[in-house]
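Any read-out appearing in this document is the output of simple, stated calculations on the displayed coordinates, not a laboratory observation. Keep in mind it's a predicted model, so treat the numbers as computed, not measured. As a convention, Cβ positions derive from the backbone with ideal geometry for all residues, glycine included, and neighbour counts pool all protein chains shown.
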Amino acid sequence: MRAEILALAAQELHPRGASVAALRLVQARFGWISTAHLREVADLLGMSADDLDGVATYFNLLFRRPVGRHVIMLCDSVSCWIMGREPLCAHLCRKLGIRPGETTADNAITLLPTVCIGHCDHAPAMLVDNTLHGDVTTESLDHLIDTLRDTP
Ligand code: FES
């Protein structure tokens, strides 16, 4: 992975241009970006760990804390709110036994709020493991949860 990150950095005017791509590589391998990994990447890119942490915490698809095997990011912006995001969130929390920002005890699912994901014409919307879902209903959520729990 270090070689891949250095190769990404070599394609940029400044190695820091590879920050997001490098962090995505780390996350793809480990599921999240630990401080130890962040420091290693910062060293490779010639950045301070604080600067790179600023990048990592700016993008809400980069996780600085451990997450479950699957991540549900339920949009909490205005179109989704108008279209019933709150009752859906309450349903999810009840079904999963967690609150937003938490992970189920079996480490299967993390529930996170997110700002608009650009799927407003199909609100309420969410990202599940980077796949867009629109026109979400309690029924579709129930089916999704059952599927996710059975998926490694
Ligand atoms: S407001 Fe939810 S996708 Fe845009």
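What to note about this one:
- Assigned charges on the beta-carbon of Lys, Arg, Asp, Glu; the stretch 1-140 dipole about Cα centre (debye): 280
- Taking the C-alpha atoms of the chain, convex hull volume expressed per residue in Å³: 117
- Estimated dipole of the stretch 2-58 in Debye, rounded to 20 [Cβ of Lys and Arg +1, of Asp and Glu -1, Cα centre]: 180
- Once the gyration tensor of the Cα atoms in the stretch 45-116 is diagonalised, the equivalent ellipsoid follows with semi-axes of 27, 17, 7 Å, ordered largest first.
- Selection from 36, 54, 123, by position along the positive dipole direction of the chain (Cβ): 36
- Contact order, relative form, for the chain: 19 percent (alpha carbon pairs under 8 Å, 6 or more residues apart, mean separation divided by residue count).
- Extension gain for the segment residue 36 to residue 150, taken as residue separation times 0.36 nm less the Cα-Cα distance, is 37.9 nm to one decimal.
- Projecting label points 7 angstrom from Cα along Cα→Cβ for residue 29 and residue 102 puts them 3.3 nm apart.
- Computed from Cα positions, the angle between helix 35-45 and the longest principal axis of the chain comes to roughly 50 degrees.
- Qualifying chymotrypsin sites (Phe, Trp or Tyr not before Pro) in the stretch 39-84, where qualification requires a DSSP coil assignment and no more than 15 other C-beta atoms within 10 Å, comprise 59.
- Of interest is the spacing of the C-alpha centroids, which for the stretch 52-98 and the stretch 1-51 amounts to 25 Å.
- Disulfide-incompatible cysteines by the Cβ rule (no partner under 4.7 Å) in the chain: 89, 93, 116, 120
- FRET efficiency for residue 93 and residue 7, using Cβ-Cβ distance with R0 set to 41 Å, rounded to 0.05: 0.45
- In degrees, nearest ten, helix 19-30 long axis to first principal axis of the chain (Cα): 60
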